[in-house]
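Reviewing the structure listed below.
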Amino acid sequence: MSMFSTGILVLTSPLHVLPLRIAPVLTSAAQVVERTLYVHLHPGLNLGTSGQVRPVYIPPVVDLCTLISRLYSNAADICGHLDVRVLLTNIRGQSAASSAANGPFPVPQTLSHSPEVVLTDFPIPDSGQSSLITQCLRKYAGHCYVCTPGFSSVLLHPQLKDIRGEEDEDRGAQMKPLETFSDVVVGGTFDRLHGAHKTLLNISCLMANRRFIIGVCDQELLKNKVLKELIEPYDQRVEKLHDFLNDVKPSLKYEIVPLSDPFGPSITEPELQCIVVSEETRKGGEAVNKRRVQNGLAELVLYEIPLLKDAHRADIEEEKISSSSLRTRLLGTLLKPPSQEPDLPLCPYVIGLTGGSGSGKSSIARRLEDLGAERIDCDLLGHEAYLPETSAYHRVIQEFGTDILNEDKSINRRVLGRKVFGNQERLKALTDIVWPEIARLVKKRIDQAKQQGKRVCVVDAAVLLEAGWTHLVHEVWVATIPEEEAVKRIVQRDGVKEEDAVRRLKSQWPNAKLIEHANVVLCTLWEPEVTQKQVLKAWSLLQQRIQKRQETRSSL
């Protein structure tokens, strides 16, 4: 079967049957679509009666919320690689529907990604009708959305199992209407937009008739997040929200605002009527209502949605689908492609490993050494750079005086350190002498590793980025740890006071700045076994990249 980048899935099964059908439908759809799958809900649509089926409004009912939640949950479990989006343009209350004489699609809606194929779960009463039904399906999708010219249609029903209860046609008449509101508000981080986010947003859009306010956490509210440095920038998160919401329900007025506190506009906007929360954030919604009462405003209706369970969670991850779990899964993977260094030979492939004090950088380097990498310890090379009779040795004495020497004429690094401590100008004078010498020694060790037949070298260097040594390496790997945990480790390891540990960290590049330059990020926050799994994953993916690069070079 052909694969398409983007598709529309038109679901026609009765609403009470659809929750049972979602898993097999999505499994089948994922065999046809590989990037974006739009879901159009039209329970009861009959594609077999004529060649022309016009779109109509369907009413919002409580069961639709359950269906949306089930759909995104199943999508995360079955086809997590797909960007699934439930479209709501054709779902409106009776009063809104009656005022729109031209129907839900007076002109076809333009989507962010133009669909190339339309799929449906509609049953085929007679195999001889397949052609007629596919034609009707294409016309129906074309009435609703702007699709790629000559787009295909696929009937999924033959691949689906029969489910009892489809004959219960009276069930739909008993469905409870969903209460809707003029203005709805939600808040969240919305990092790496996932199924739980989409459930919250979709149900909020379903309940909102006029305006939808979305508060997006920024700055202060991100401080305690797991792997906060891997959170997408605010502007990027907002852009993804706009892209998603304009597809889902373009008729709504959207206001996306930054949140610097937990409340934002929810406690100041008098026209708001409803706040959508999860089981986890219900207390936050109750706190909003207390503040609204204090501000002389009416309380909001709290509509609670269930948390979505994460079927793929690891031991250190949350049970629910969450952004923090997705960020954790990024550890050890390639976050951005390596920059091409034309002067670097392909072999050995050189990893520059850096990280702040207490980050576990050196323990990661030793793990990589156990896997077969040649470890180049720049701390040891730093000591070597100060040895008597080296060029750096004589330049340091010339710059800082003979009073930095021990009786045996070796450099007393503690005395030297006192001369440069707190003096950026003197520190730069020292590093301008020593760092180029360490770089020369690194090159020498890499050449030795090449002669020994090593395929991978790991340059273990705390100052890799500050010293500008990235031209020596193919990739930059960063070991990271939250600052508060790094302080604990430094105090315990080095026996220094907490304020001294904090001062040491402040003198180094912060995690966020290091990660800006990282191709791969690793974190040693958890048990050693977790770190080992990250390193094994990173190593395995690295071997694949090296193999691919060698094959590319060979084909040129």
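Among the residues of segment 48-55, none qualifies, meaning not one is open to solvent by less than 10 Å² (accessible area, probe 1.4 Å) and touching a helix residue (DSSP H, G or I) at 6+ places or on another chain (Cβ under 7 Å). Pairs are defined by a Cβ separation below 9 Å, a sequence spacing of at least 6 or placement on different chains, a first member in segment 420-435 that is farther than 20 Å from Trp469 by Cα, and a second member that is open to solvent by less than 60 Å² (accessible area, probe 1.4 Å); the pairs so defined are Val420/Phe400; Val420/Ala429; Val420/Leu430; Val420/Thr431; Arg426/Phe400; Arg426/Val420. If you go through segment 258-282 and keep only what is open to solvent by less than 50 Å² (accessible area, probe 1.4 Å), of a type in the set (Val, Ile, Thr) and within 13 Å of Arg292 (Cα to Cα), you end up with Ile267, Ile275. The residues of segment 147-158 that are surrounded by 14 or more Cβ atoms within 10 Å (Cβ to Cβ) and either in a helix (DSSP H, G or I) or β-branched (Val, Ile, Thr) (or both), listed by number, are Thr148, Val154, His157.
Taking every residue in segment 175-189 that is of a type in the set (Phe, Trp, Tyr) and pairing it with any residue that is open to solvent by 20 Å² or more (accessible area, probe 1.4 Å) and outside any strand (DSSP E or B), at least 6 positions away or on another chain, the pairs with Cβ-Cβ distances below 6 Å are Phe181/Gln273.
For segment 190-246, the candidate set comprises residues that are among the acidic types (Asp, Glu) and open to solvent by 10 Å² or more (accessible area, probe 1.4 Å); within that set, the residue that is farthest from Ile256 (Cα to Cα) is Glu229. Against the numbered list (1) farther than 30 Å from Val521 by Cα; (2) without any contact (Cβ under 8 Å) to a residue 24 or more places away in the chain; (3) not aromatic (Phe, Trp, Tyr), Arg313 comes up short only at (1). Taken residue by residue, segment 360-374 has no member that is under 32 Å from the mean Cα position of the chain (by Cα), among the polar types (S, T, N, Q), closer than 18 Å to Leu465 by Cα and open to solvent by less than 10 Å² (accessible area, probe 1.4 Å).
Residue by residue, here is whether (1) in contact (Cβ under 8 Å) with a residue 60 or more places away in the chain; (2) of a type outside the set (Val, Ile, Thr); (3) closer than 18 Å to Gly285 by Cβ holds:
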{"site": "Ala196", "(1), (2), (3)": "yes, yes, yes"}
{"site": "Arg210", "(1), (2), (3)": "no, yes, no"}
{"site": "Gly215", "(1), (2), (3)": "no, yes, yes"}
{"site": "Glu220", "(1), (2), (3)": "no, yes, no"}
{"site": "Val226", "(1), (2), (3)": "yes, no, no"}
{"site": "Pro233", "(1), (2), (3)": "no, yes, no"}
{"site": "Glu239", "(1), (2), (3)": "no, yes, no"}
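A Cβ distance below 7 Å, combined with a sequence gap of six or more or placement on separate chains, defines the contacts here; from segment 478-492, residues that are more than 21 Å from Leu465 (Cβ to Cβ) reach residues that are in a helix (DSSP H, G or I) and charged (D, E, K, R) in the pairs Val487/Glu498; Val491/Glu498. For the condition farther than 29 Å from Lys533 by Cα, buried (at least 18 other Cβ atoms within 10 Å of the Cβ) and β-branched (Val, Ile, Thr), Ile305 qualifies.
Here the condition is being in a strand (DSSP E or B) and over 30 Å from Ile78 (Cβ atoms); of Leu368, Leu302, it holds for Leu302 alone. Taking the condition of being within 11 Å of Ala385 (Cβ to Cβ) and in contact with a Lys or Arg (Cβ under 8 Å, 6 or more places away or on another chain), how many residues in segment 425-450 meet it? The qualifying residues number 1. Evaluated against (1) in contact with a helix residue (DSSP H, G or I) (Cβ under 7 Å, 6 or more places away or on another chain); (2) outside any loop (DSSP other than H, G, I, E, B); (3) at pLDDT 95 or above; (4) not hydroxyl-bearing (Ser, Thr, Tyr), Gly332 falls short on exactly one condition, (2). Scanning segment 375-389 for residues that are touching a residue at least 60 places away in the same chain (Cβ under 8 Å) and not charged (D, E, K, R) yields Ile376, Cys378, Leu381. The conditions of being at negative phi, modelled with pLDDT of 95 or more, part of a loop (DSSP other than H, G, I, E, B) and not aromatic (Phe, Trp, Tyr) are met by Glu269. Selection of segment 122-152 for residues being free of Cβ contacts under 8 Å to residues at least 60 places away in the same chain, among the hydrophobic types (A, V, I, L, M, F, W, C) and more than 25 Å from Ile22 (Cβ to Cβ) yields only Val146.
The values are calculated or read from the model by the stated rules, or taken from the named source; none is laboratory data. Keep in mind it's a predicted model, so treat the numbers as computed, not measured. Don't worry about glycine lacking a Cβ; one is built from the backbone with ideal geometry, like all the others, and counts go over all protein chains shown. The area values use the complete protein model at the heavy-atom level, side chains included, leaving out ligands, DNA and RNA. Shrake-Rupley method; radii C 1.70, N 1.55, O 1.52, S 1.80 Å.
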